[in-house]
Each structure stands twice: as structure tokens, then as C-alpha cells.
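These notes are about the structure you will find just below.
Any read-out appearing in this document is the output of simple, stated calculations on the displayed coordinates, not a laboratory observation. Every value quoted in this text rests on a predicted model; they were computed, and no experiment measured them. Note that each Cβ is placed from the backbone with ideal geometry, even for glycine, and that neighbours are counted across all protein chains shown.
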Amino acid sequence: MAHLISPSVLSCDFANIQRDVEMINQSTADWFHVDVMDGVFVPNISFGFPVIEAIKKHATKPLDVHLMIENPGQYVDAFKKAGADILTVHYEACPHLHRTIQSIKEAGMQAGVALNPHTNIDLLANVIADLDLVLIMSVNPGFGGQKFIQNALTKVKQIKELILKSGAKALIEVDGGVNLETGKKLIEAGADVLVAGSFVFNSGNPTKTIADLKNM
């Protein structure tokens, strides 16, 4: 399978969000990556349901929603209603992870689990078969534009091994510090989906940058 690109709208121009959504629609990107932060689980606050609904109204590609929030299980149905197609929760925020995964699937979405840089991938061994997506954080979550953590390459290889060994079907997504250099290394390590925010939206030609990431 060719790798997928999921531009992070956290880095878009909020004053021109419809323009940037339409740019992604017309680009070779595969998904929209939407980061939701509550200022508790991570030290930042981003957009909530009204903005997701506005993006969904104009998006022609799936919404890949990444929840960096406490108690994500209580909001599953609300995110489905707002337009999420893929809903990813953090392992570190889910004391009843299996229940949360099941509720995401029952709501009609694909289920993902994200791991912070310090979290061991072995902790997913008992749920990997239930997942559609594993999101490896290659920066500490909360802010865009951070430097890539090299150990993410090792974690991608480890989670790939776990997926193959268990016969699971989960895609491996990586978020944080992705550019043409780190992206190539991640694909070689086994990543299936690359999230890129500031690298895309701070470039002179975001459409071309997405194409360059897609064509690595």
C-alpha cells in the first residue's frame, strides 16, 4: 500500500479555514488530521465541535480526529455527530481502553490509539487486533513545529513487528516533526500514514509540499 498523507489543520490559517480545507481537497492528501486539545491532558487548547463541523461541511476526504483530551470516552458520540471518520484516543488518557475502542467502533468510526513518546508499544499487545490505527507521537503532544524525536523510528519498527506477529490490520500513523527527511525514514521503518502540519502550511506552496510527501 502506498503511504497516506494527513495534513494537520492545526497549522492552517484559521482566518481562511475554508480556503485551506479546499486546498487539501484538491491536493494529493488522503485525510484531514484534526487535533483536539483540552488544556488538561496537554498544555494547549485547540478547536472543538463547531470547527470540526465546519471542516466536515467542506471536506471531501475523511476526518482523522486525534483527541488529546481527558476522558475521551464520554465524547465519542459527539465527535461522530460532528463528522469524525477516524477517532484516535490516547492510551495515557483511557483507563478503560478496550471499552473506549469498542464504543468508537459501535458509533461507526475507525478506532485509533495514540502513544506519547515515553509510552512503550508493548502496552498495546492486548488491543492491537481491535485497532484500525496506531498513532506514534514523534514529538510531545500539544504544540506544532517541534523537533522530531528520533526514537520514534524504533517505535515504528516495534509496532510493525507487533502488528505482523499478531495478524492485526492496524495502520501506523506518525505525528510530529514530519518533513521530507524524517518522512522518508518513517516510511522505510514501516509507517503507513504521515501527519504534517507546519511543514505543509508554512511552505511557499502547500499543495506541492503535500505532493512531495506523497511521492517520497
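Only helical runs count toward this figure. For the chain, summing -39,500 (n - 2.57) over DSSP H runs of n ≥ 4 and dividing by all residues gives -10000 deg cm²/dmol at 222 nm. In terms of its C-alpha gyration tensor, the range 4-214 has an oblate overall shape, because the principal axis ratio a/c (a ≥ b ≥ c, square roots of the eigenvalues) is not below 1.5 and a/b does not outweigh b/c. For the chain, a crude dipole built from +1 on the beta carbon of Lys and Arg and -1 on the beta carbon of Asp and Glu, taken about the Cα centre, is about 300 debye to the nearest 20. In the range 4-214, a dipole from Cβ-located charges (positive for Lys and Arg, negative for Asp and Glu) runs towards its positive end, and of ILE69, VAL200, LEU164 it is LEU164 whose Cα lies farthest in that direction. Would you mind checking the pairs LYS160/LYS184; LYS56/LYS208; LYS155/LYS185 and listing those with alpha carbons more than 20 angstrom apart? Pairs exceeding 20 Å: LYS56/LYS208. Highest mobility in the GNM of the chain, judged by mean-square fluctuation with C-alpha springs under 10 Å and restricted to THR100, THR182, THR154, is found for THR154.
Rounded, prolate or oblate for the range 25-85? Axes are the square roots of the Cα gyration tensor eigenvalues, ordered a ≥ b ≥ c, and the cut-off for rounded is a/c under 1.5.
On the way: a/c = 2.22, a/b = 1.67, b/c = 1.33.
Cα axes put the range 25-85 in the prolate bin.
Residues with beta-carbon under 11 Å from that of ALA191, excluding ALA191: net charge, scoring Lys, Arg +1 and Asp, Glu -1? Numbers along the way, then the final one.
Numbers: positive: LYS155, LYS157, LYS160, LYS184, LYS185; negative: GLU173, ASP175, GLU188, ASP192.
Value of the local net charge: +1.
Sorting 110-121, 26-37 by average packing, meaning the other beta carbons within 10 Å per residue, from highest down gives 26-37, 110-121.
Residue exposure proxy: LEU63, LEU213, LEU180, ordered by other Cβ atoms within 10 angstrom of their Cβ from fewest to most, comes out as LEU180, LEU63, LEU213. Amide hydrogen proximity for GLY177: with H placed 1.01 Å from N in the peptide plane, the residues at 5 or more positions away or on another chain lying under 5 Å are GLY145, GLN146.
What does the C-alpha gyration tensor say about the overall shape of the range 52-122? Classify as rounded when a/c is under 1.5, otherwise prolate if a/b is larger than b/c, or oblate.
On the way: a/c = 2.16, a/b = 1.66, b/c = 1.30.
Cα axes put the range 52-122 in the prolate bin.
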